[in-house]
Every structure is written in C-alpha cells, then in structure tokens.
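Colleague: First the structure, then my questions, so here it is.
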Amino acid sequence: MLERMLDTARDGHGAVLVVYGEPGVGKTALLERTVEAAEGFRVVRTAGVEGEIELDYAALQRLCSPLLEFIERLPGPQRDALGVAFGLGGGEAPTPFLVGLAVLGLLSEAAEQQPLLCLVDDAQWLDGASGGALAFVAQRLLAERIALAFATREMGSGFTRFPQLHVDPLGRRDARALLESVLAARLDESVLERIVAETGGNPLALLELPRGLSPAQLAGGFGLPAALPLSTGIEQSFRRRLPRLPRDARRLLLLAAAEPLGDPALLWRSARQLRIPEKAAHTVESEGLLTLDGAVTFRHPLVRSAVYGSAEPNERREVHRALADATDPQTDPDRHAWHRAQAASVPDEQVAAQLERSAGRAQARGGLAAVAAFLERAAALTPEPKHRAKRLLAAAAAKRDAGDLEAALGLLAGVEAGVLDELGRARVDLLRAQIAQEQRRAGDAGQLFLSAATRLEPLDPELARETYLEALGGAMTSDVEVVGGAPAVAAAARAAPPGTVPLRAVDVVLDAFAIRLTDGYAAAAATFARALELLLATDIASEDGSRWLSVSSGRNSNMVALEMWDDEALHRLAARRVQVARDRGALGHLPFALWFLARSQMLAGELTAAALVLDEARLIAEATGNSAGLNTAMILAAWRGDQTHASELIEASSEEAARRRWASNNYARAVLYNGLGRYDAARDAAWELFQPDPIGYGSWLLPELAEAASRTGDRALLEFTLEWLSERTGVISSGWASGIEARVRALLSEGEAAESQYRQSIEHLSGTRLRLELARTHLLFGEWLRRERRRLDARRHLRIALEAFTTMGAEAFAGRAERELLATGERARKRTVDTLDQLTPQETQIARLVANGQANREIAAQLFISPSTVEYHLHKVFRKLDVKSRTQLARRMA
C-alpha cells in the first residue's frame, strides 16, 4: 500500500495513507522502508513529541524547515503567515488554515522540482496547530506529486477521512521466529511461549523484553514482568536497561529526551556544561537506544518516554537548566523560557515574567494552545497570589480561544476569587458566560453575562457595553436565556453608563437594539441610522476592526442593515466581510460571511451566484471540519421552487429551529409556499414567527405575510402588515420599504388607487438591487390586471415577471407567471437558464474566476487549493466546454 502511494504521487496525483497500530507494532519500520522505496523523491519528515504537544506549529516547522527555500514563491499573505507561525518574522497572528494553505503551497512548490514524500510519525502527539494544518493539506491534495504518510497509534477523528492501513501484531509462528532470531541461546519451551504470549506478537516487545534479563532469569522465566499494558511493558523493558549504562550515558539520554528539537549542536553544548564526555555517545549508540547521525533520534518514542519518566525530579531540573543555558535567549527566547521554567523548583517571578512574554509571542504566531501552556506554567511559578490569579485567568481565556472549554473551566476553578479585585471577578464571570454559551448552556450563560456586565459597569464601562451586546445578541437568537428575555437585557443595557466619546460602533449598535426592544422602532430609527453609518465607516481590515469578523458581529451588523431596509448597505457589509475574511485566510469566519453574502445575492435575484457562493462555503466548512449549515441553503432552494430539496432541508433542521425560534425555516416555508400557490401554509409559516416582531427579519417576512394574507382573504392581517410597515416608512427613507409598502397598499385597494400603488411600487423597487421583489410586483400587478379583464395590460407585466423569474431561476414563481399568461390567452414559451450544469461547483468557480482575469495562483489562494489543482480543474473545464484558451472561456462564461 505504501509503494502504491508512491506510484500514485509519481503519476502526478496526491496520495495520503494513515498507518496505525499499537506501540511497537512496526509503523516506524514501515515508514523507513517507504523511504528506501522512494527513489527519485525528496523526503521530509517530522514526528509528534509528547512534550511539545502544546507548542503550536512545532512539528510542522520541523517538516517544512528543509523547504523554506521555496517560501518566496508563495503569495504575500501565505508567506507572512508561515513566517509568523514559525517565528521567522513578526506580524498579526495568522489563522490556522491560512497557515495550512501556506504549507500546501510550500509543498506544492517543492513538488514541482521532484516528487515529495512527507512522513509524519507519532501523529497522536502532534500539537493541535500542526495536526490541523497537516489534515488540511492532506484533504486538499489532488494534482500534486506529493505522498503524505502518517503513523499513529489510534485513528483519531482527524484521520478517519483518509485511506488507512492497520498494522496488526505478528501471528504466533512469526513471533516465535523473530524472538528466536535475536536470542543468544535456546530457551526453555515454556519460557519462550510465555514471552510470545506476554508480548501479544508485538515486534518491538519481542525484541526488547528479553534484553536486560540474565540468562538464568530467562531460563527459569522468573525475571519476566507480570502482565502489563503493552506500552508500559515495552517502556519497562527499556527502563531495565538504563541502570546498566554508565552515569554519563544516562545523563546524555536524559538531555536528549528533555529537548525534542533533535539538534546535535544544542545537545553537545548542554552536555559540555554537565561535563558529559563524548564517549558517552558511543555507549548509547552501541546500545541501539539513540543515534546522533545528523540529528538526535531515539530508536523509538517509548525510549524517550522511559528515559524521561524514570529520571528523578532533580535530574530533570538539572538537564533543563543546562538546556536553558545552552539556548540563545535572543534567537530562541521561547524555548529558553520553557527550559528555565522546567528547571525551576520554587516560584520565580523572573521566570514567570519571561514565560508571559513568550505567551505574547505565541499569541502573535496564532499559537493559542502554546499561549495557554506558557501562561499556565507562568501562573504556577508566580509567587504573588493576585498576580498568579490574573495569569491563571489569562491562561483560561487562551484555553477557551483554543477551543478547549473544559480545560478552561478547570483553570478557572483554580482561580482564588478572594485574591482577585472586582474587575478580575467580573472577567471570570464573563469568561464563564462565553464558555456556557458555546456549550449551549443558555440559562447559565444569561445569568453570568448579566452578572459580569453589572460588575463591569463602574470598572470598565466599555467592556460592560460589549458584554451587554454579547448578551443581547445571544438573547435575540435564543443562545442566551434570561428572565424577561431580550427586553430585560435591553433595559439593563440602557440603564448602564453611556459609551465613550466619540462613540464606538459597538456602543451605537447596542443602543439601537436596546431602544428598539424597549421603546419600539420609531424611537430607535435614528440610532439605527447612526449605527449603520458607523458600521460602514469601520475599517474591519484594521487590527482594531478584527473582532467585527466574528459570527455574532456579522449577524448584528446584518440585522442593523435589515432594520433600516437598506439593501445596498446589506450587500456592502456582506461583500466587505467576505473580502477581509479571504484576505486574512479566516476560514473559520469565511463560511458565515459567504452565507450573509448569498442572502444579499438572493434578494438581488442572483440565485446562480448565490448557489456558487454556498458551494464555496460548503467546501470550506468541510475542509475545516465544521458544519456546512442548512439555513441559507434552504432559503435558496425555496426561491428556486425546488420543493423536494427545500422540504428536506427544512425538515432536517425543524426540531432545532422550533427550539431556538430560527427565522430561516419559517421564511423558507413562506417563500416556497407562496411560489407554489399554497397561500394558507405560507401565511401560517410567516405569521408564526412574525407575531413577536422578530428583529432583523421583518423585512424578509412581511412581503410573504402580506401576499399570503391577501390571497387567503385575511384583510385584517393585511391591514396589520400595512400598519407595521407604515411605522417604518414614516421614519426612514428606503426604496425597499417604500416599494413593499406601496405593494401592500395596492393589495388593499381597488380600481385606480390599486393601479397607482402598483406603479409606485415598481418605481421604488426599480431603484434598488431587489430584482426578486420587483418581479414579484410585476407578477401581482399582472394578476390584478387579468382579474380586471385588462388582458393586454396584464400580459405586459406578466411577460416581464416570467422573463425575470426564469432568468433568475425562481421556477415556482415563473410557473405562476406562466399560468397567468395562459389565462390571458397567450401561450408563453419559457426559457431555460444556462447554468453550465456540466461543470461541478468547483469547476464553475474556477471558470468564473478565470473569466474575470485571475491567474491560477490568485484563484488557488481564494479557493484554498494549490495552483496544480486549479490547473487540473481548468483542463477539465476546457474539455467540457470545448474551449481552447482562457479568452474563449471568458466569452463562453459571459
């Protein structure tokens, strides 16, 4: 299987294989055999190290270091991300998946010269950042001459998507043959069988367990250990061999075990400080425990574990002290600080402060797990209780940011509330609230958010207002539960101290929502207008604006634009958020940004473009191991009139939607049923959610509710929608709102008044991006004209509606328009939309980007794939569309 992986890579197709099995079963030996078979390949390798599991990008740096000659070929953002992650330069912390994309690019560039074999041993001990980046790379290999092999003890969730090879222990016959091949003398049959049984056919155990036992012990079997877990048994066999070594050899092994860099120069600098002679190296190498040929390598990871685990605490501190002294604090300050911390036996503020500075540098590299590790150790070494509590709190926050919520709560449990000041206690409540919200403990989150906000009011008014906005946003979406709901949070927020002067966008957004919930729409309109102005003026590409990339802030700014019925602002905010997420490689945020953009595109009737955006969001979500999301996809299916697909998506999320009162499900139902002419069902779906006046969704739901009410003869409900909408058009200026208001008035009117209102609706909506709503007005106007027996006038508007709906791909509404045209006596011929169905979603994306003039490297960076993969898809596009050049493709796409 490993040789087939190499053959596949030689042929120009990326290949991945995960080799897994118990410790000592032969995984490393198989990787070494693969190197022997990799003729013509360049080989790079790394391994997970248990002691470095919290030091982000440690393993990845070892893999990529031999290939840094290619880093200048990467796009600027990728080059910078890799430089910051590896500590080669300063800058803003890169997102993990921008680092992953940079690694993919680096490996691809190297593979252009010759096929590349990447080996990752002991993957179970990879630090999280390295593991995530390598999984990203493995999933994106397609048209690269790259073979990537992992060796791991167990198939963790990060590896299940890749081809696998399980390495089993040896059978009894082979186990005996291997054991007999290394015995110096014959054994008693019962002893031999016992060793075979004891080791379970594990090759390393078969080789190691007999070593260290005397011939007499072997002969009688009395020296064999009792049954132990396999890895412990192998470690014990290594430990039995250590006391037989000279003291200097044992100390050299301990030095190597304490420093996983594998740098012989660093090892010997430390050894000289401990006065370890060079002859000690000959001893450990002759014992087959360690090799020093170009790099310091243990025969097996369990040797390292046995050496380090069997050492006394004072011996470990001694070697860490020597390693700290031998590490240059200028060129490698973080490793220097870490070894100093491991050498400390009592609290030491100087060492703790150095670790805290290392945490800051790790933060800049995006290594959140490393931040937490440095701060946690710094807290343990901090002598002053208050300072120790602050560092523990900071470590807990880093654990939460890294996604380890339970560990964060564990650190918070160690914070002594009595030594914190009031601000510190408030920050503890805030962090607990954020964790509770992420763990879906809505009740705990609500209580803690309000407790934190109240405590923060006199201490840090700006943070208090940010906390209230988090609580209010969560309460409006049911992620946070408080007594009295969102209005209660809004009332508390309004009673809080005002924001700074000049006001920040976050302050005005909070005020707008709070006023809206407590005093109503008219009172909040001016504040919403100011909030929208500040949001549009905020430079979210700047460091200060980076928090606006978050999902909650994106939702809040989206809701502000919807409350103002401002279709242009809605689109600008969504498009800008997508661009910034792309530029930063913020893959965690990009799918959400794309979903917001797709909704704006749907309002504009750009259903095909929205479908491509959703496909991209799905691909990115899959690549990052996140949920692809159903809400926006179900709305698109509803607008397309795809009853089967829309119903499946609605049903799949109905339980959670009912529990959390999601607007998307009811909105999708209303759109779908209005298109299909099932007006009773459309009215019920829209009214169910509209009754509590959902903030942000009124602009989506009201047109559906009004149309369904008019078609079911519910005049009272139709009058209610007009009253609700008139309150808004009386205090804002919006072509969108005015166009819908005129349409609702037309539905309530007769004769010339109705005709005048339909024409006003068309005039207002013609000045917006809302092609779907404009087509809806033409459809309703045409239907009204037909009922007035004005067939020629009706045909004109029905043709416009049919053309628009068909072009946009809104098939159910197009069907309504076609039926109405038939009723006027005209036979309509529907056009079909050329959606380039022969292309896959990713091929369509690439084709459109090529048509827009983008180069392969630019497309690769945008779609999070390699340039080789872009070229691979582009060849398929040319063949499917029968074009020969990028120019011809551009004309075809147009």
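The values are calculated or read from the model by the stated rules, or taken from the named source; none is laboratory data. Computed from a predicted model, the values in this text were never measured in an experiment. Cβ coordinates were reconstructed from backbone atoms using ideal geometry, including for glycine residues, and neighbour counts include every protein chain displayed. Only protein heavy atoms, including side chains, enter the accessible area calculation; ligands, DNA and RNA are left aside. Shrake-Rupley method; radii C 1.70, N 1.55, O 1.52, S 1.80 Å.
Colleague: In square nanometres, what is one fourth of the surface area of the convex hull spanned by the alpha carbons of the chain?
Modeller: Here the figure is 42.7 nm², rounded to one decimal.
Colleague: Rounded to the nearest angstrom and ordered from largest down, what semi-axes does the equivalent ellipsoid of region 749-894 get from its C-alpha gyration tensor (root of 5λ)?
Modeller: Whole-Å semi-axes of the equivalent ellipsoid: 43, 17, 10.
Colleague: For VAL19, what is the net charge nearby, where nearby means another residue's Cβ is under 10 Å from its Cβ and Lys, Arg count +1, Asp, Glu -1?
Modeller: Taking every other residue near VAL19 into account, the sum is 0.
Colleague: Quote to one decimal, in nm, the extra length available between ARG715 and VAL419 on full extension: 0.36 nm per residue of separation minus the C-alpha distance between them.
Modeller: That pair, ARG715 and VAL419, stretches by 100.1 nm at full extension.
Colleague: Along its three principal axes, how long is region 79-124 when you only count alpha carbons? Whole Å, largest extent first please.
Modeller: Result for region 79-124: principal-axis Cα extents of 33, 30, 17 Å.
Colleague: Here is a further query. Using a simple spin-label model with points 7 Å from Cα along the Cα→Cβ vector, what separation in nm is obtained for LYS880 and GLU154?
Modeller: The modelled label-to-label distance comes out at 4.1 nm.
Colleague: In degrees between 0 and 90, to the nearest 10, how far off the longest principal axis of the chain does helix 679-690 point, with axes built from Cα atoms?
Modeller: 60 degrees
Colleague: Then there is this: Taking H as built 1.01 Å from N, whose amide H comes closer than 5 Å to the amide H of ALA47, not counting residues under 5 places away?
Modeller: For ALA47, whose amide H was placed from the backbone, the distant partners under 5 Å are ASP121.
Colleague: While we're here: Can you compute 3J(HN,Hα) from phi for each residue in region 636-647, using the Karplus curve 6.51 cos²θ - 1.76 cosθ + 1.60 with θ = phi - 60°, rounded to whole Hz and x for Gly and Pro?
Modeller: Once θ is set to phi - 60°, the couplings for region 636-647 become 4, 4, 5, 5, 6, x, 7, 4, 5, 5, 4, 5 Hz.
Colleague: Find, to one decimal place in angstroms, the Kirkwood hydrodynamic radius of region 277-395, where the mean of 1/r is taken over every pair of different Cα atoms and then inverted.
Modeller: It works out to 15.9 Å.
Colleague: Next question, about the same structure. Carbon and sulfur together cover what percent of the accessible area of the chain at a 1.4 Å probe radius?
Modeller: Within the chain, the accessible surface is 49 percent carbon and sulfur.
Colleague: Working from the pairwise distances between different alpha carbons, so that the mean of 1/r is found and then inverted, what is region 69-161's Kirkwood radius in Å?
Modeller: 13.9 Å
Colleague: If one puts a single equal scatterer on every Cα of region 464-528 and applies the Debye formula without solvent, what log₁₀ I(q)/I(0) results at q = 0.19, 0.23, 0.26 Å⁻¹?
Modeller: At q = 0.19, 0.23, 0.26 Å⁻¹ the computed log10 ratios are -0.64, -0.92, -1.14.
Colleague: What's the angle, to the nearest 10 degrees (0 to 90), between helix 811-823's Cα axis and the longest principal axis of the chain?
Modeller: So the helix axis and the longest Cα principal axis differ by about 20 degrees.
Colleague: Region 439-551: Rg/Rh from Cα coordinates, Kirkwood Rh?
Modeller: That ratio is 0.96, to two decimals.
Colleague: Let me ask you something else. For labels at ALA526 and ASP263 in the simple 7 Å Cα→Cβ model, what's the distance in nm?
Modeller: If labels sit at ALA526 and ASP263, their model points lie 6.4 nm apart.
Colleague: When only C-alpha pairs under 8 Å and at least 6 residues apart count, what is the relative contact order of region 115-183, in percent?
Modeller: Over region 115-183, the number comes to 41 percent.
Colleague: Would you mind getting me the FRET efficiency between GLU750 and ARG572? Use the beta-carbon distance for r and R0 = 30 Å, nearest 0.05.
Modeller: The value I calculate is 0.15.
Colleague: Take the alpha carbon gyration tensor of region 3-74, find the square roots of its eigenvalues, order them as a ≥ b ≥ c, and report rounded if a/c is under 1.5; if not, report prolate when a/b exceeds b/c, else oblate.
Modeller: Cα axes put region 3-74 in the oblate bin.
Colleague: Same structure, new question: Students often check this: by mean Cβ neighbours within 10 Å, which of 781-794, 734-747 ranks highest, and how do the rest follow?
Modeller: Packing proxy ranking, top to bottom: 734-747, 781-794.
Colleague: Say the dipole of region 372-506 comes from +1 at the beta carbon of Lys and Arg and -1 at that of Asp and Glu; which of LEU420, LEU381, GLY473 then lies farthest toward its positive end?
Modeller: Of LEU420, LEU381, GLY473, it is LEU381.
Colleague: Next question, about the same structure. Would you mind calculating the gained length between GLU871 and ALA894 on full extension (0.36 nm times residue separation, minus the Cα-Cα distance), in nm to one decimal?
Modeller: Difference between extended and current length: 6.2 nm.
Colleague: As an exercise, use a Förster radius of 25 Å and the Cβ-Cβ distance of ALA851 and SER766 to find the FRET efficiency, rounded to the nearest 0.05.
Modeller: 0.30
Colleague: Further question on the same structure: Over region 681-778, what per residue volume does the convex hull of the Cα atoms give, in whole Å³?
Modeller: Normalising the Cα hull of region 681-778 by residue number yields 96 Å³.
Colleague: Further question: So what is the accessible area of the chain per residue, in Å², with the probe set to 1.4 Å?
Modeller: 42 Å²
Colleague: Here's another thing I want to ask about it. For LYS876, go through the aspartates and glutamates and keep the ones whose alpha-carbon is under 14 Å away, minus same-chain ones fewer than eight residues off.
Modeller: Cross-link targets: ASP837, GLU843.
Colleague: Looking only at region 270-312, which residues have a backbone nitrogen under 17 Å from a spot 7 Å from the Cα of ARG247 in the C-beta direction?
Modeller: 271-281, 311-312
Colleague: Please work out the FRET efficiency for the pair THR291 and ALA177, using the Cβ-Cβ distance as r and a Förster radius of 25 Å; give the result to the nearest 0.05.
Modeller: Taking R0 as 25 Å, the efficiency between THR291 and ALA177 is 0.40.
Colleague: For the pair THR644 and GLU112, how long in nm is the line joining their label points, each one 7 Å along Cα→Cβ?
Modeller: According to this spin-label approximation, the distance is 4.5 nm.
Colleague: What is the gain in length, in nm to one decimal, between LEU142 and LEU88 on full extension, counting 0.36 nm per residue of separation less the C-alpha to C-alpha distance?
Modeller: Between LEU142 and LEU88, full extension yields an extra 16.5 nm.
Colleague: Rg and Dmax of region 19-133 over Cα atoms: what are they, in angstrom?
Modeller: Cα-based Rg and Dmax for region 19-133 come out at 14.7, 43 Å.
Colleague: Continuing with the same structure: Please give me the summed charge of the neighbours of GLN757: other residues whose Cβ is under 11 Å from its Cβ, Lys and Arg +1, Asp and Glu -1.
Modeller: Once all neighbours under 11 Å are counted, the net charge is -2.
Colleague: Run through region 246-284 and list the trypsin sites (Lys or Arg not before Pro) located in a DSSP loop whose Cβ has at most 14 other Cβ atoms within 10 Å.
Modeller: For trypsin sites (Lys or Arg not before Pro) across region 246-284 that sit outside H, G, I, E and B with at most 14 neighbouring Cβ atoms in 10 Å, the list reads ARG275.
Colleague: Can you show me the helix-derived [θ] at 222 nm for the chain, built from DSSP H runs with n ≥ 4 at -39,500 (n - 2.57) apiece and divided by the number of residues, rounded to the nearest 500.
Modeller: -20500 deg cm²/dmol
Colleague: How far, in degrees from 0 to 90, does helix 521-537 lean away from the longest principal axis of the Cα atoms of the chain, to the nearest 10?
Modeller: 50 degrees
Colleague: Could you pull out every residue, at least 5 positions away or on a different chain, whose amide H is within less than 5 Å of the one on LEU165? Hs are placed 1.01 Å off N in the peptide plane, and Pro or chain starts have none.
Modeller: Residues meeting the criterion, in which the H sits 1.01 Å from N, are VAL18, VAL19, TYR20.
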